[in-house]
Structures are given as structure tokens and as C-alpha cells.
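A short worksheet on the structure shown next.
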Amino acid sequence: MLLHEEACMHIIISMMTYRKLGKTGMQVSAVGLGTFQFGGSWGVEFSEADVQAIFAEAEVQGINFIDTAECYGVGHYSEQLVGSVIQGNRDKWILATKFGHKRIEKKTNVGAWSADEVRQQLEESLRALRTDYVDLYQFHSGSNDDYDNDELWTMLDKQVRDGKIRFLGASLSRKDPAWVTYQTRKAPEKGISVLQVRYNMLEQDVDQDFFAFCTSNDIGIIARVPMASGMLSGKYQELTSFDPEDTRAKKYDAQTIKKFQKEVQHIIDHQLPAGMDMPTYALAWVLANPAVTTVIPGCKSPEHVRKNAEAAAVTLPG
Ligand SMILES: NC(=O)c1ccc[n+]([C@@H]2O[C@H](COP(=O)([O-])OP(=O)(O)OC[C@H]3O[C@@H](n4cnc5c(N)ncnc54)[C@H](OP(=O)(O)O)[C@@H]3O)[C@@H](O)[C@H]2O)c1
């Protein structure tokens, strides 16, 4: 083999694009990686080797943004897997994690919102992630009472000054739409630079006012569950129910599945651009909103990572 041919085989072509995450100034990949699935809640267990393969592909694709949480799996399991894979390579990744819960059993979380509990969670997350700082630390789907705790934010500000947290964020709960409005409006005064919300073609917890507020206050937006938990991949058009071990079995009853299938079929028949597949379209649709900084699809395999990364380079017609 000629030398230049050998070299060509190792050239990695990434079509990734990067966007500024609000006033953090961090340049994050337009397609990031969600890691809820590593906690095992969807009836699939992940090993270190599985996660290693997913992260290796993410790196090839130019993905640099990872979203995890304290409660994805018992004992910070998702964070542990992420930590084991990125050790020695920490600086290549922008790590976002969350606080406010403790996972005490496979499917049970309890709230842990006091300043002391959160300080302890932060130490546990840093240990699990095998790092001495997180790039983004997010208030995780709490109530307005949990949010309006000055002691908590004072403690978090100190962690920022001590270098354990670079920036603060909030992942807004779906439980009460009034919480979304309230917590968004109050975000700047709490020093929050990034908000995370559920936003996909089938489920939108936020409206144009939310996007306008974030844009005018330079707040970065992380769009979570961008594939409607897999429904927008287009592969569930014949499904009648999820496996009982899969948390989606609780979330999506037969009626909801049917409703989503109908909506997805409509998208496939009337909106999907020729030659594009549904996972790419679903993510590109979210990214077409200029207020959105990054999408964080959960990926169960390197193939998912590869396919989902393609969305970053897509410009949708009209
Ligand atoms: N409150 C919060 O802060 C909160 C709540 C929820 C999620 N999140 C974050 O958002 C992330 C994403 O949410 P999510 O994983 O629940 O939902 P999602 O990204 O909408 O769906 C992910 C699922 O879709 C399927 N999928 C992904 N890529 C695919 C592809 N290319 N082709 C076919 N199927 C594909 C996979 O499941 P199957 O193969 O099994 O279908 C995958 O697990 C989480 O990992 C987490 O980081 C945060």
C-alpha cells in the first residue's frame, strides 16, 4: 500500500457543527449525547465496553457534549460509566450533569434538594465522573419551592468560585407548565446560563416566548428527548406495547403509542424530505430552531451515534 493511501484510510471526516452555549461561551457540538439509557431504565444493561464503543464513535463524529445525571442508575451508574471512559481524555469533553435526586432503587428516585445534600451529590458526581470539575451543573426537574432556596444557590456559587463547577443550568420539569415559565424568568438572577427542555416534533413543553426570552438573555438551550424516546425514529410504526422492563411501557400506553404512530406516519408521508431518514429529520427539525444550541439524543449503539450526528450538517428546505 502506498503511504498516502494508508494515510487516507485514517482520515476522519466529521460533518459536526458547533454552537455557542449561551453566555457560557462554550462551543458545543450541535448533536450531543444523552446518557439516561446507560442507567438501565429501558431494560437494556450497558457495560463499560458498550459505552467505550459509543464514546469512540462520538469522538470520531466530532461530538463533544455529554449530558448525564446523578440519578441515571443506582449509585451514579451512568456517571460511573462516563467517568471510566473519559478518564485520561477529560479535556476533550464538555460534561453536563445534574442534581436534586438520589436513586435508591432501580426505578425509584427521592428528592435531595437541600444545600448539604446537593454539596454531597456534587462530590459523588465528581468521584463517579473521575474529574475535579463539571462544565455544567443543572438543577434537575425540581419544583418552584426547590428552586427558590437561596442557601442552595449560595452554596453552588461557592462551588463555582472553587472551580468544581464551571457553569450553572436548569433542566426544567414537565410536571407543571407554570414551573417552566417561573424558572425560566428567574434563571438570570440565579446565575443560570443554560436551560434544558423537552422539545421534539411530537412533544413541546415550551413556546415561542420561551425561545425569545432565552435568545434575548443569551441563555443556551439543550433540547432533550429529541426523538420522542425513539418514537420519531420511525421504527415503531407496528409496535403495540413496550417491554414491561422498559420505562417507556409506563409512559406510553397503547392509546398514546397509536396517536404518536399516526403523527409519525403523517410526517413520513407529508414532511420528510426525499432521501432523508426519520432519525436525521427528527433531529434536524429541532436544530432548525435557531434558539436551540444542541440536541442530546440517547444512543444505544455506535450506529445510533453515527446516524444521529448526520443531522448536524443538514439544512432543511424552507
Ligand atoms: N429531566 C431531564 O433532565 C431529562 C429527562 C429525560 C431525558 N433527559 C436527557 O435527554 C436525553 C435523551 O432522552 P431519551 O434518551 O430519553 O430520548 P430520545 O433521545 O428522544 O430517544 C432515545 C432513544 O431513541 C432510539 N434511537 C436513538 N437514536 C436512534 C437512531 N438513530 N435510530 C433508531 N433509534 C434511535 C433509542 O432507543 P430504542 O432503540 O430502544 O428505540 C434511544 O435510546 C437523555 O439521555 C438525558 O440525557 C433529561
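General observations
- Expressed per residue, the C-alpha convex hull volume of region 252-310 stands at 115 Å³.
- Using the average count of surrounding beta-carbon atoms within 10 Å as a protection proxy, the listed peptides 134-146, 172-184 rank, highest first, as 134-146, 172-184.
- Whether region 68-125 is rounded, prolate or oblate, judged on the alpha carbon gyration tensor where a/c under 1.5 counts as rounded: oblate
- Over the chain, relative contact order from alpha-carbon pairs under 8 Å, at least 6 apart, %: 22 percent
- Equivalent ellipsoid semi-axes, region 180-238, via Cα gyration tensor eigenvalues times 5, rooted, Å: 28, 10, 9
- Spherically averaged projected area in nm², based on the convex hull that wraps the Cα atoms of region 147-255: 9.0 nm²
- Inverting the pair-averaged 1/r between distinct Cα atoms of region 149-191 gives 11.4 Å as its Kirkwood hydrodynamic radius.
- Going from the fewest other Cβ atoms within 10 Å to the most, the residues THR35, THR215 appear in the order THR215, THR35.
- Extent of region 1-150 along its three principal axes (Cα atoms, max minus min coordinate, largest first): 65, 36, 25 Å.
- P(r), alpha carbons of region 191-318 - 5 Å bins starting at zero, rounded %: 2, 10, 20, 21, 20, 15, 9, 3, 1, 0
- Modelled FRET efficiency - R0 35 Å, GLN87 with GLU203, Cβ distances, 0.05 increments: 0.50
- Cross-link pairs beyond the 29 Å C-alpha cut-off, checked among LYS164/LYS190; LYS92/LYS158; LYS20/LYS186; LYS186/LYS300; LYS102/LYS259; LYS190/LYS307: LYS186/LYS300; LYS102/LYS259; LYS190/LYS307
- Descending semi-axes in whole angstrom, ellipsoid equivalent of the chain, from the Cα gyration tensor: 29, 25, 21
- Helix-derived mean residue ellipticity, 222 nm - over the chain, DSSP H n ≥ 4, -39500 (n - 2.57), to 500: -11000 deg cm²/dmol
Here, each number is a calculation from the coordinates, and none is a lab measurement. Since we're looking at a predicted model, the values are computed, not measured. For neighbour counting, all protein chains shown are included, and Cβ atoms are generated from backbone atoms with ideal geometry for every residue, glycine included.
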